[in-house]
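Notes follow the structure.
The values are calculated or read from the model by the stated rules, or taken from the named source; none is laboratory data. Keep in mind it's a predicted model, so treat the numbers as computed, not measured. Here Cβ is always computed from backbone atoms with ideal geometry, including for glycine, and neighbour counts include all displayed protein chains. With ligands, DNA and RNA removed, areas are computed over all heavy atoms of the protein, side chains included. Shrake-Rupley method; radii C 1.70, N 1.55, O 1.52, S 1.80 Å.
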Amino acid sequence: MDTERFQQAAERYKDTIFRIALNYCKNCTDADDITQNVLIRCYKSNKAFDSEEHLRNWLIRVAINESKRWLSSPYRAFLANTVELDQVQLAQYDLEPEESRLYQALMTLPAKYRIVLYMHYYEDYSAAQIAAVLGSRVSTITTRLSRGRACLKQALERCEEYERTGTVPKDL
């Protein structure tokens, strides 16, 4: 990939790559490292991309693979510098307070729901596109979207109960 095209792609997709990595590792520092690794792979890649959509899909797939590799890394167990979700600064994403609460609730979901919901609602991917990127069946993705929405609804209701009453719900 030539330098000019790489710079354009890096500028356009670095936030997307970072957010996907953050969905997996829930740690800004590690998400930065994963983003850097993905962009390095992109720069070193000799792959010819058919279109902008092909490049975007490839970067997302590489980000997912790098994130999964990070999750299975043996040294990860020795890391003690993970950041709690409430310490993640979402201001850099220019989210409104309601969107910030939604994003934080999304981050509490299991990864299998969190990733598909994120890709569907934040990246505007269809179930078929998500299935292609993740290497899953469309029916699996639609089931995860449905179950993920139900889990997200419950998480948001618990947050609202906490804000209303000031007490932590029993199921938290």
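Net charge around Asn37, counting only other residues with Cβ within less than 13 Å of its Cβ (Lys, Arg = +1; Asp, Glu = -1)?
Summing Lys and Arg as +1 and Asp and Glu as -1 gives +1.
Measuring with a 1.4 angstrom probe and ignoring ligands and nucleic acids, Lys112 comes out at about 100 Å² accessible.
3J(HN,Hα) along the range 53-68, derived from phi through the Karplus expression 6.51 cos²θ - 1.76 cosθ + 1.60 where θ = phi - 60°, amounts to 5, 4, 4, 4, 4, 5, 4, 5, 5, 5, 4, 5, 5, 5, 5, 5 Hz, with x in place of Gly and Pro.
Counted by Cβ distance under 14 Å from Arg149, the other residues give a net charge of +4, where Lys and Arg count +1 and Asp and Glu count -1. What the Cβ-Cβ distance of Ala10 and Tyr121 gives, at R0 = 35 Å and to the nearest 0.05, is a FRET efficiency of 0.90. Note on the range 1-62: Cα-Cα pairs beyond 16 Å make up 38% of the total pair count.
Each of Lys112 and Glu157 was given a label point 7 Å from its Cα along the Cα-to-Cβ line. The distance between the two points is 2.2 nm. Among residues other than Lys112 with Cβ under 11 Å from its Cβ, the summed charge is +3 (Lys and Arg +1, Asp and Glu -1).
Using the Cβ-Cβ distance between Val138 and Ile40 with R0 = 41 Å, the FRET efficiency computed as 1/(1 + (r/R0)^6) comes to roughly 0.80.
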